[in-house]
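Following: one structure in structure tokens, then a few remarks.
The values are calculated or read from the model by the stated rules, or taken from the named source; none is laboratory data. Keep in mind that this is a model prediction, so the values were computed, not measured. Methodologically, a virtual Cβ is constructed for each residue, glycine included, from the backbone with ideal geometry; neighbour enumeration extends over all protein chains shown. Heavy atoms of the whole protein, side chains included, go into the accessibility calculation; ligands, DNA and RNA do not. Shrake-Rupley method; radii C 1.70, N 1.55, O 1.52, S 1.80 Å.
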Amino acid sequence: MAEIVVGGNVSGHHHSGGDHGPVPPQSRRQRGGSSQQNLLNAEGGGGSEAPPSRSSGAGGRDGRSQHHRSQHHHSQQQQHSTGGSHHHQRHQLQEEIEEEEMNLKYGANHVIKLFVPVTICVALVVASITSIDYYTEKGTYLVYTPFHEKSDDVGTLAWQSLANAGIMLAVIAVMTVLLVLAYKYECRKLIYGWLFVSSLMLLFLFSYLYLSQVLKAANLPMDYITLAIIIWNFGIMGMLSIYWKAPLILQQAYLIFVSALMALIFIKYLPNWTTWTVLGAISLWDLFAVLAPFGP
């Protein structure tokens, strides 16, 4: 500042210094500006560190606030995840309860649906036995029952019935295993032929025997041509209903009639004690085959 105000003296002084000559006004203005900048820097040198300190304090406060915000966000996420897990558990429990109710409902409906055809089959068998003497007459037995129970001793009847039931059960087990092996090795033609022949015998041969005995019991005459036409139509319709397309009620009627024929055959060609023993053994075998993990 002194150099600007008293510029003439300074210029005279430099001139008296003798080597550089007079200083131009532009040079004097530049030196004056630089000196002003130096004075300002000197005056503000003592407090130059204050702004960084304020900025560092602000940065610390910002860091702490950001840390608090992150902790709050993390706690909110934990609460949200905990609430979601509880909601998922409640939803899963509700689904399990509904599934159990559906299983109970389906099981009850299934039992009712099985009870009706079984009742009809039993009624048909009882009516046939009471009205037709042919199925209660003994004398001819199946080859699977070598013990004919002609003794009056209870012990002898018991072990003979158990032996006959064991033989029958062994035959059923062997036939079941053969059927499973045929299915495993994809012998479908063999399975179809097996089922076709068994259904053919039931619907034609045993139906003919049953109808002829009904006609004899009712004392109704019928020629063989008419009987053959009836059996042919009945058997073909049964094969189509069981193995192809037919109304559901017709298919169920044929299946009930086939089951009744099988029951009448067992009653006719099995000894009395063996019939009940075979019934219990087959029931146990069915439970084992259905419920056991390794059952057939």
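Describe numerically, in nm with one decimal, the distance between label points set 7 Å from Cα along Cα→Cβ at VAL143 and at LYS113.
It works out to 3.9 nm between the two label points.
Can you pull the one-decimal nm distance between simple spin-label points at ILE191 and MET222, each 7 Å off the Cα toward Cβ?
3.6
At a probe size of 1.4 Å, how large is the accessible area of THR176, to the nearest 10 Å²?
Approximately 40 Å² of THR176 is accessible to the 1.4 Å probe.
At what distance in nm do the modelled label points of LEU162 and ILE265 sit from each other, each positioned 7 Å from its Cα along Cα→Cβ?
Result: 2.9 nm between the two label points.
Full extension from ALA182 to LEU93: what is 0.36 nm times the residue separation minus their Cα-Cα distance, to one decimal in nm?
27.7 nm
Can you tell which of TYR183, ILE265, ALA173 lies farthest toward the positive end of the dipole of the range 136-271, using +1 and -1 charges on the Cβ of basic and acidic side chains (Lys, Arg; Asp, Glu)?
Checking the options against the dipole of the range 136-271, the answer is TYR183.
Give me the percent of the accessible area of the range 117-175 that comes from carbon and sulfur atoms, probe 1.4 Å, all protein chains in place. Before the final figure, lay out each step's value.
Details: 2430 of 3480 Å².
Roughly 70 percent of what the probe reaches on the range 117-175 is carbon or sulfur.
If you count only protein heavy atoms with a 1.4 Å probe, what accessible area per residue comes out for the range 209-296, rounded to a whole Å²? The partial results should precede the final answer.
Numbers: 5680 Å² over 88 residues.
Dividing the accessible area of the range 209-296 by its residue count gives 65 Å².
Residue separation times 0.36 nm, minus the C-alpha to C-alpha distance between SER198 and LEU287: what's the value? Please report the intermediate quantities before stating the final value.
Details: separation 89, 0.36 × 89 = 32.04 nm, distance 2.36 nm.
Result for the pair: 29.7 nm of gain on full extension.
Classify the range 133-219 as rounded, prolate or oblate from the Cα gyration tensor: take a ≥ b ≥ c as the square roots of its eigenvalues, call it rounded if a/c is under 1.5, otherwise prolate when a/b beats b/c and oblate if not.
oblate
What is the range 145-296 by shape, rounded, prolate or oblate, if you read a ≥ b ≥ c off the alpha carbon gyration tensor as root eigenvalues and call it rounded for a/c under 1.5, prolate for a/b larger than b/c, and oblate otherwise?
Judged from the Cα gyration tensor, the range 145-296 comes out oblate (a/c at least 1.5, b/c at or above a/b).
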